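Written out below as structure tokens is the structure these notes cover.
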Amino acid sequence: QVQLVESGGGLVQPGGSLRLSCAASGFTFSRLAMNWYRQAPGKERELVAAIAWDDSTNYADSVKGRFTISRDNAKNTVYLQMNSLKPEDTAMYYCKANLLPYWGQGTQVTVSS
């Protein structure tokens with residue numbers, strides 16, 4: 001049974017940082033690319049960052065230079081380090097394994113003064 005459990009969200013001031021975690025189980029984590037998505041109210045879900053099995057990464061233009069995705073295959077966990085946060089980063093953040101149709105419950109990130 002595939003499970004994805006996101007954590008680490010919260011309320012942060014503009015310019016602040018957060019580190020999201022996603023604990024995965026039920027599949028061979030090290031073999032799949034992992035992705036972070038976000039969805040703001042009234043907007044479509046968008047891909048924020050991706051990390052392949054070989055640790056190569058890709059980012060949405062809106063977060064390049066501010067967000068860093070990483071993975072720990074020993075812990076079956078993918079991370080998203082978010083720095084220099086902006087109000088427009090406010091959204092529910094989800095992780096997803098590439099090629100698998102499962103989503104976690106998400107973790108809310110709110111950037112506000």
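Note that the stretch 76-93 has calculated 3J(HN,Hα) couplings of 6, 10, 10, 10, 9, 8, 10, 10, 6, 5, 10, x, 6, 7, 4, 4, 8, 10 Hz, one per residue in order, obtained from phi through the Karplus relation 6.51 cos²θ - 1.76 cosθ + 1.60 (θ = phi - 60°); glycine and proline are x.
Distance from the C-alpha centroid of the stretch 59-113 to that of the stretch 1-27: 7 Å, rounded to the whole angstrom. Among residues other than A40 with Cβ under 11 Å from its Cβ, the summed charge is -1 (Lys and Arg +1, Asp and Glu -1).
GluC sites (Glu not before Pro), restricted to the stretch 39-97: which are DSSP loop and have at most 14 other Cβ atoms within 10 Å? Before the final figure, lay out the partial values.
Values: sites: E44, E46, E88; in loops: E44.
Answer in residue order: E44.
In this structure, S70 and Q1 have a Cβ-Cβ separation that, at R0 = 22 Å, corresponds to a calculated FRET efficiency of about 0.30. Compared with the direct C-alpha span, the chain from S113 to D61 gains 16.3 nm at full extension, assuming 0.36 nm per residue. What the phi angles of the stretch 8-18 give under the Karplus curve with 6.51, -1.76 and 1.60, with θ = phi - 60°, is a coupling list of x, x, x, 9, 9, 7, x, x, x, 10, 9 Hz, glycine and proline written as x. Once you list every other residue whose beta carbon is under 10 Å from the beta carbon of N73, what net charge do they have if Lys and Arg are +1 and Asp and Glu are -1? With Lys, Arg at +1 and Asp, Glu at -1, the net is +1.
Summing charges over neighbours of N83, with a neighbour being any other residue whose Cβ is under 10 Å away from its Cβ, gives +2 when K and R count +1 and D and E count -1. Note on the stretch 1-100: lysine pairs with Cα distance below 19 Å, sequence gap of 8 or more or different chains, count 4. Backbone N atoms of the stretch 12-46 closer than 12 Å to the 7 Å Cα→Cβ label point of Q81 belong to residues 18-20.
Each Lys and Arg adds +1 at its Cβ and each Asp and Glu adds -1 at its Cβ; summed about the Cα centre, the chain shows a dipole of about 80 debye. In order along the stretch 31-46, phi translates into HN-Hα couplings of 8, 10, 5, 10, 10, 10, 10, 9, 9, 8, x, x, 10, 6, 5, 10 Hz, rounded to whole numbers, per the Karplus curve 6.51 cos²θ - 1.76 cosθ + 1.60 with θ = phi - 60° and x for Gly and Pro.
What is the list of residues in the stretch 74-93 whose amide nitrogen lies under 15 Å from a point 7 angstrom out from the Cα of Q13, following Cα to Cβ? Those under the cut-off are 84-87.
Only the coordinates and a few stated rules stand behind these numbers; no lab work does. The structure presented is a predicted model; accordingly, all values stated were derived computationally and were not measured. Glycine gets a Cβ as well: all are built from the backbone with ideal geometry, and neighbour counts include every protein chain shown.
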